[in-house]
Amino acid sequence: MGNELTINKDNFVALQSNTDLGELIKPLIKEIHLFDTFIAGTTHLDDKNVIDEVKIDDKLDLKREDNKFDEKAILVLNKKGQKLGYIPEKDNIIFSRLLDAGKMLSATVSDIEHKGSFTKISIGIYLVDF
């Protein structure tokens, strides 16, 4: 049985598929561009090799962190779950509120600049909407 619509016993239309649910809803996901910024704190990483693996157009995860220095701290993680840094404190108030309200945010790498021993990673922040 391929992807096909059927009517089940309760007269609901259902999609019969051999595909994972995540793959089925991917076409329904919209990413709404909210803001452009950069990843802060990259010079304070324990393993700086993760920075060397970052490429333009990489998708990144954003996650709230309980942080004694910034109560609105948002971690920026690569798809392996490795810490790349943070959303800058000056930019994180609205995004922390959205995450706290259960909204899903993501980021995409838009530019990478090497400045001596410092690497500036520019990102776009997106609201993931269904």
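The values are calculated or read from the model by the stated rules, or taken from the named source; none is laboratory data. From a predicted model like this one, the values you see are computed outputs, not experimental measurements. We place every Cβ from the backbone using ideal geometry, glycine too, and count neighbours over all the protein chains shown.
Whenever a residue of the range 96-112 is without any contact (Cβ under 8 Å) to a residue 40 or more places away in the chain, its partners that are outside any strand (DSSP E or B) and not aliphatic (A, V, I, L, M), lying with C-beta atoms within less than 8 angstrom and at least six residues away or across chains, give the pairs S96/K72. Within the range 44-65, residues that are within 20 Å of H114 (Cβ to Cβ) and among the β-branched types (V, I, T) reach partners that are modelled with pLDDT of 95 or more and in a loop (DSSP other than H, G, I, E, B) with beta carbons closer than 8 Å, at six or more positions or on different chains, in the pairs V50/N78; V50/Q82; V54/N78. For R97, all conditions in the list (1) in a loop (DSSP other than H, G, I, E, B); (2) more than 14 Å from the chain's Cα centre (by Cα); (3) charged (D, E, K, R); (4) closer than 20 Å to E31 by Cα hold save one; what is the number of the exception? Result: R97 passes all but (1). Here S117 meets each of (1) among the hydroxyl-bearing types (S, T, Y); (2) more than 12 Å from I39 (Cα to Cα); (3) modelled with pLDDT of 95 or more with one exception, condition (3).
Looking at the range 95-130, which of the residues that are hydrophobic (A, V, I, L, M, F, W, C) and touching a Phe, Trp or Tyr at 6+ places or on another chain (Cβ under 8 Å) is surrounded by the most Cβ atoms within 10 Å (Cβ to Cβ)? Checking each candidate, the answer is A107.
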